[in-house]
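A.B. asks: Quick one: structure below, then a few questions.
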Amino acid sequence: MKKYLLQQSSTGGSACPGNTTRSTDWLAKNLGKFSSDTPLSDLDTFFPNITSETEAFTDLLSEETFQTLGALVVGLTPSVILSKADGQMLNRTLPVLSTIKGWSTAQASIIMKKLLQNGLQLTQAKDVLALGTLVSGLPSSEVSQLSDDAILQLTEDENFINILQGATETLQHAFVQRVLQSNEEKVVSRVPAGLASQIPLFQLLSYQMDIDEINKMLWTPAQAQVLFQVVLKSSLKYSQLSSSLLQGFSCGAANFLKQSQFAELIRVLASKHIRIDPSQLSCTAKRLIGFITPSDFEEYPADILLYLGMEKDFGPDNCEKYFRKIGQVHFDILKNEASKWKTLIDEAEYCLGTSSDSLTKKNLQILGNLSCALNNSQIIKSDPYILQVLQHCSSFTASQVTAIQHRLEDIFGSPSTWTASTLQGMGNLASILDSNILQRIPETSKTHFFPNFLSWLKIHNKEQFMNSLKQLRGPQRNKKGTACHGKLLTADRIRKERDMIPASYTSSSDLEACLPDSILNNHLDLFGSMEFEDPLLQVLKMKLDKMFGVFPEDYLPLLGHIAKAYQPEEMARWNITASDTLVTLLRGTSWLNHDAKVNAMVHQYLKGNHTQLGGTILTALDPHICALEDHLLQHLRPEDIRELRTPLDISQCSQRKKSLIYQQVKATVQEHQNTGNAYYQMLKSLLGGAPAKDLICYAADSPVMDMDTFTDLNPEEVKKLSPQTMKELLGINLSELNTIVEHPTVQAWVKAHTQSEVEAIGLKVMAGHPDPPSDGISVLTSAPPISRAEGALTKENKLQISYTILLALGGVMISLEAY
């Protein structure tokens, strides 16, 4: 590639009048730093000013320009390609463009649209393969039109599949759907292993599975849960099952296993480092009580040991090993079980023989994630290694943050002396620095460190990312006037600072003055990916409105977070004709509390020639399904529901919508209700809309329902269940009801039943009804004593007791008179 580009430069390949010498000279001078094996992600290292240099070509994007830039053409932004590149020219340079690595999906998508608008035909597999690296931008509608033969040929091309795995899920889903629609037998086995995540859940209910085939594929946790019981009943040993399948473990699916088999399965999960879903930890531990001994506890997952409460069972020889194991428990689980932290820390200190707040490096290595529960005094007084251990914690209390910041200054010195390397040494703890500290750090140090750090945080811990961005912004300042008081936004600055840009402007007027219209236009996708606060989003919107008026559809996918700044009535003017456009808009930002805007976008899509949403859109709508108005929910067809590859989340819906969506999905999949646990897993997230008669049917298969699922059920339907159904539905989890007795769902059942029925399922609360009278005398049963933790009697309970006593006394008087 380098040789090719140098040839282009030396022959005057650029056709940019007035820029030819400058462009070719620049390339010839700098390409020596670049080789064909250099990752394109390292372009900033080799070409610090690549954005401004490539933008020197943006007024005249010609065939010669693309050939001269070669691999560096990925420095052109999607907006520039969209506004400056001609379809005919792109068609002529396709042989070069199709070999270039590093296209973003936005860039590839725009190039593909222009090629197709210019008459590019994709009818055979060879036509698609000729697109090379541009395949990631293929519109999903084009894949849907390919023949069965073409689709099956593409499944056998390894290079095509590798590129497709880097494309949008929308395109991947469309391709897998075409594979599944082909007439070939055993079509599921023809789906490439790396694209198995796009196989709909419904397909897994109906498919006669070959265990050896599905054991090679990469599944999502939701898919693995649907498959898990069938997998367990296969002839394969647990150790032979892939990690991808084993992540689908649930107590309900494994309910039929003998105790020894169950224990062996859990040991295999531990050996393969598979994390059990938190909702399944308590029921797993209950089955293993008395089975795990002090001699073999290391063979089981650390998360399970936390629920077993074995910390007092070990002598000095094993307790250190035990707490080293407990220290591996995932922090999120520890956070949810905060009540156990103090007990564990106390037991660990007793075991380790520590008698002060000063913990040694060895102590901290043993405690591991338990260190996340240490108080501010322990953080300040312990060995400096504490800072490395705390990097694994995902959140802290206010007092812990203060203590950590104190230690950071104690170890690294005054913030005014910190360099980018200093901040790098803090690792994840740099995210908790407050604005007072950040303002004291040299600007160059922050500029060198935070862009990459924020990009990492944005993916791995969005909560910490937002907090860090807020602290970097510092105090808000209201500035007046039209002058730019900060640094002018340039192409190179945007590329280098990226997610840090929104923290650099604390007033709308400053952003407006410092952001040239051309910069926003040429880098729209980058600005759309940045987390600006609402007032600053309005500045971006105002500038775009002046430039475009009503947005052209091709620009809509680049809006990202900026789309939230538009009102429903403004969205009503958008032209949304392609499903890819709608999906990108829905996924470009969070639409929480923006129901009207979600409805407006969906309505605009359906206004065209579309009469239904389709499975791809339905999947993208999942987080916002509750936002849809009833008349839009009517557009959900059985064929769309059968394409769902993740369970719908209706937990935030109204009860009416929960029931509506549940009935629609159930009607589509109920032909497979004989698949037992698989059927339950398919509908589990929708059970908040299930009537009592359906819950009774699920109970027959002993699903071992977890508490999150149970508390989301309709209380009006739950109270109709008998004690026996409750036992069958919850199984070994039944005793956990005592930990949530005040929850409305539990209370609904308790108030609808008698004291003997309540006691029959082990609940330690007063029932809503007395037991029926025997021989004319009401029988008063005394409930077990209720601790303060289990809830004191309410006024309503006390009145109920008084009323029951009066009735009983009345019955006794009547009996005596008759006598």
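The values are calculated or read from the model by the stated rules, or taken from the named source; none is laboratory data. Remember, it's a predicted structure, so these values are computed and weren't measured experimentally. Because the Cβ atoms are built from the backbone with ideal geometry, glycine has one as well, and the counts that use them run over all protein chains shown. Remember, those area values only see protein heavy atoms, side chains included, never the ligands or the DNA or RNA. Shrake-Rupley method; radii C 1.70, N 1.55, O 1.52, S 1.80 Å.
A.B. asks: Could you list all residues from segment 590-638 that are surrounded by 20 or more Cβ atoms within 10 Å (Cβ to Cβ) and among the hydroxyl-bearing types (Ser, Thr, Tyr)?
C.D. replies: Within segment 590-638, Tyr605, Thr616, Thr619 meet the criteria.
A.B. asks: Sticking with this structure for a sec: How many of the residues making up segment 626-654 are touching a residue at least 60 places away in the same chain (Cβ under 8 Å) and more than 11 Å from Pro200 (Cα to Cα)?
C.D. replies: From segment 626-654, those touching a residue at least 60 places away in the same chain (Cβ under 8 Å) are 641-647, 651; that's our starting set.
Then keep just the ones that are more than 11 Å from Pro200 (Cα to Cα); that gives 651.
Going through segment 626-654 one residue at a time, the tally reaches 1.
A.B. asks: Let me ask another. Residues to consider are Ser358, Ser399; find the one that is surrounded by fewer than 20 Cβ atoms within 10 Å (Cβ to Cβ), more than 17 Å from Lys342 (Cβ to Cβ) and among the small types (Gly, Ala, Ser).
C.D. replies: Working: Ser399 fails: more than 17 Å from Lys342 (Cβ to Cβ).
Exactly one of Ser358, Ser399 is surrounded by fewer than 20 Cβ atoms within 10 Å (Cβ to Cβ), more than 17 Å from Lys342 (Cβ to Cβ) and among the small types (Gly, Ala, Ser), namely Ser358.
A.B. asks: Considering only residues that are outside any loop (DSSP other than H, G, I, E, B), over 22 Å from the mean Cα position of the chain (by Cα) and not charged (D, E, K, R), which ones fall in segment 177-203?
C.D. replies: Within segment 177-203, Gln177, Val179, Leu180, Gln181, Val187, Val188, Ser189, Gln203 meet the criteria.
A.B. asks: While we're here: Collect the residues in segment 204-235 that are assigned to a helix (DSSP H, G or I), at pLDDT 90 or above and small (Gly, Ala, Ser), keeping them in residue-number order.
C.D. replies: Correct list: Ala222, Ala224.
A.B. asks: I've got another one for you. Of everything in segment 650-671, what is crowded, with 20+ Cβ neighbours inside 10 Å, in a helix (DSSP H, G or I) and touching a Cys at 6+ places or on another chain (Cβ under 9 Å)? Give them in sequence order.
C.D. replies: Passing the criteria: Lys657, Lys658, Ile661.
A.B. asks: Kindly establish whether Pro647 is at pLDDT 90 or above and surrounded by 18 or more Cβ atoms within 10 Å (Cβ to Cβ).
C.D. replies: yes
A.B. asks: Within segment 593-612, track down each residue that is β-branched (Val, Ile, Thr) and either in contact (Cβ under 8 Å) with a residue 40 or more places away in the chain or assigned to a loop (DSSP other than H, G, I, E, B) (or both).
C.D. replies: Thr611 - this is the single residue of segment 593-612 that is β-branched (Val, Ile, Thr) and either in contact (Cβ under 8 Å) with a residue 40 or more places away in the chain or assigned to a loop (DSSP other than H, G, I, E, B) (or both).
A.B. asks: If you scan segment 79-97, which residues turn out to be crowded, with 17+ Cβ neighbours inside 10 Å and in a loop (DSSP other than H, G, I, E, B)?
C.D. replies: Passing the criteria: Ala85, Thr93.
A.B. asks: With the requirement that a residue be crowded, with 20+ Cβ neighbours inside 10 Å and acidic (Asp, Glu), what does segment 523-565 give you?
C.D. replies: Asp525, Glu531 - these are the residues of segment 523-565 that are crowded, with 20+ Cβ neighbours inside 10 Å and acidic (Asp, Glu).
A.B. asks: Please enumerate the residues belonging to segment 566-583 that are open to solvent by less than 60 Å² (accessible area, probe 1.4 Å), in a helix (DSSP H, G or I) and under 20 Å from Lys541 (Cα atoms).
C.D. replies: Residues of segment 566-583 open to solvent by less than 60 Å² (accessible area, probe 1.4 Å): 566, 568, 570-572, 574, 576, 578-583.
Of the ones still in play, those that are also in a helix (DSSP H, G or I) are 568, 570-571, 579-583.
Answer for segment 566-583, where residues must be open to solvent by less than 60 Å² (accessible area, probe 1.4 Å), in a helix (DSSP H, G or I) and under 20 Å from Lys541 (Cα atoms): Pro568, Glu570, Met571, Thr581, Leu582.
A.B. asks: Could you list, in sequence order, the residues of segment 686-711 that are assigned to a helix (DSSP H, G or I) and open to solvent by 40 Å² or more (accessible area, probe 1.4 Å)?
C.D. replies: Hits for segment 686-711 are Lys693, Ile696, Cys697, Asp708.
A.B. asks: Find the helices (runs of 4 or more DSSP H) located wholly in segment 408-522 whose residues include 3 or more that are buried (at least 16 other Cβ atoms within 10 Å of the Cβ), and list them.
C.D. replies: Passing ranges, in order: 420-426, 443-460, 462-473, 491-497, 508-514, 517-522.
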